[in-house]
Amino acid sequence: MNIGAKAKQAIDCRQVSLRRGKKEILREVTFTVGHGQIAGLLGPNGAGKSTLLRILTGLLEPTSGEVRLFGQPAGISSLRQLAFLPDRESLPHWLSAADWLFFSEGIYPDWDPQKAAYLTDRLSIKLGTRISDLSRGEEARLQLLTCLARKAPLVILDEPFTGVDLISREQIASTIISDLADGERTFLIATHDIREMENLFDRLILIGGGQIQAVDDVEELRTAGKSVESRYREVFS
Amino acid sequence: MDSFWNPEHFRIDPSRPLYEQFVEQIRADIARGVLGPGTRLPSVRELASAIRVNPTTIMRTYQELERSKLIVTFRGQGTFVTERIDVIQACKRAMAKDAVQKLREVAESIGLTLEELLDLAKKEED
């Protein structure tokens, strides 16, 4: 894993603001995530995490500011660069998991069928079950598979653990790490499940009230005797 | 991963650098012989994913243990505990010195020498 090999930041978010009428939802959000890093986007509910992720993925246009992914402006053209796991049910619930994987192979030009087969096994995906009949944990695992079976260099996950049982959370975390160890991908994960994830992150982006409250290197925090959780409390309470 | 060595039992303090803690724990396992000379260690990816920590942390851990010659990596074959008993013995000695130094500090903090501390502790058991 050679983090310094590529000079360009995977995510470069500069002074991004979003207004809806008079309401300021995001205010001058600035941060970067380096190639090969795993960054946690943390903050209380209503902090603007999901909105920010939608801007990063190019689904939403900011009022001002700019997002660059691997040096290119975020938008339609950058969709190939990223795999996004949204926070709510996004899969077609009338299909079986097997049907969904079959269609995914056609939808995504960078789909890797071998990887999909490997992840189906690793994440214990029930292929024959209709998506509407999957538990929350099973659905989250299928969503993760859909992101990781692609070759996209940036993976953005919005609350992958919400409502997910412990065993699924552990499976999800292990699978992400295994994928990360190849060093080809960068992850940005929005979560309020700090304990499950704190040993994974090497960078923290703390957001509250639509503004960046802190950006930290996790090992530096620990060297200073702070945990991710204590830092979170320090910033938000 | 070898089943006799179960790194899932690693205890992690989230407010100290993780690689330091893994270095300490693996070093102790080597000293104790739980990880015997020549034992193959899991790959960075296997270990990181088994205990769910960032792979960079495990890379740093292995680098540190390699620097102290306790483990050796052979390109294309993997990472192994050293076969050199003298290196393991030296590591044990360093750990012992470290522990004694800490105990001496405890002794000094209550106005005793190390020897007096040990004598006093034994006396109280009688």
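The values are calculated or read from the model by the stated rules, or taken from the named source; none is laboratory data. All values reported here derive from a predicted model rather than from experimental measurement. All Cβ positions, even for glycine, are placed from backbone atoms using ideal geometry, and neighbour counts span all protein chains on display. Each accessible area value is taken on the protein alone, full model and side chains, heavy atoms only, with ligands, DNA and RNA left out. Shrake-Rupley method; radii C 1.70, N 1.55, O 1.52, S 1.80 Å.
The accessible surface of chain B, taken with every protein chain in place and a 1.4 Å probe, is 51 percent carbon and sulfur.
Summarising the amide proton neighbourhood of A:G208: residues at separation of 5 or more, or on other chains, whose placed amide H is nearer than 5 Å comprise A:Q213.
For n ≥ 4 DSSP H runs only, could you compute -39500 (n - 2.57) per run for the protein assembly as shown, divide by its residues and tell me the 222 nm figure to the nearest 500?
Numbers: 13 runs with 149 residues, N = 363.
It lands at -12500 deg cm²/dmol.
For segment A:57-146, the set of chymotrypsin sites (Phe, Trp or Tyr not before Pro) satisfying both a DSSP loop assignment and a count of at most 16 other C-beta atoms within 10 Å is given as A:W94.
Amide hydrogen proximity for B:I71: with H placed 1.01 Å from N in the peptide plane, the residues at 5 or more positions away or on another chain lying under 5 Å are B:E66, B:T82. Surface composition of segment A:91-237: carbon plus sulfur atoms hold 50% of the accessible area, using a 1.4 angstrom probe and ignoring ligands, DNA and RNA. Panel note: contact residues of segment A:215-237 (accessible area lowered by at least 10 Å² against the chain on its own; 1.4 Å probe) correspond to A:E219, A:R222, A:T223, A:G225, A:S227. Label-to-label distance for B:A90 and A:R195 is 4.3 nm, based on points extended 7 Å past Cα in the beta-carbon direction. Interface residues of segment B:54-69, defined as those with an accessible-area decrease of at least 30 Å² between the chain by itself and the complete set of protein chains (probe 1.4 Å), are B:N54, B:P55, B:T56, B:M59.
Provide the per residue accessible area, probe 1.4 Å, for chain A, rounded to a whole number of square angstrom. Walk me through the numbers before you get to the answer.
Details: 10640 Å² over 237 residues.
For chain A, the solvent-accessible area averages 45 Å² per residue.
For the pair A and B, the buried accessible area comes to roughly 1700 Å² in total, with a 1.4 Å probe and the value rounded to the nearest 100.
To the nearest ten degrees, helix B:114-125 and the longest principal axis of the Cα atoms of chain B are 80 degrees apart. Note on segment A:1-142: with charges restricted to the Cβ of Lys and Arg (+1) and Asp and Glu (-1), its dipole about the Cα centre is near 540 debye. Residues whose amide H comes within less than 5 Å of that of A:G34, counting only those at least five positions distant or on another chain, are A:A10 (H built at 1.01 Å from N in the peptide plane). Averaging the sequence gap over all C-alpha pairs within less than 8 Å and six or more residues apart, then dividing by the number of residues, gives chain A a relative contact order of 26 percent. Here the Karplus curve 6.51 cos²θ - 1.76 cosθ + 1.60, taken at θ = phi - 60°, turns the phi angles of segment A:202-214 into couplings of 10, 8, 10, 10, 9, 10, x, x, x, 10, 5, 9, 6 Hz, with x standing for Gly and Pro.
If you take the Cα centroid of segment A:101-170 and the Cα centroid of segment B:65-93, the two points sit 39 Å apart.
Beyond 39 Å, the tail of the calculated P(r) for the protein assembly as shown holds 26 percent of the Cα pairs. Farthest toward the positive end of the dipole of chain B, out of B:S109, B:Q89, B:I71, is the Cα of B:I71, where the dipole comes from beta carbon charges about the Cα centre.
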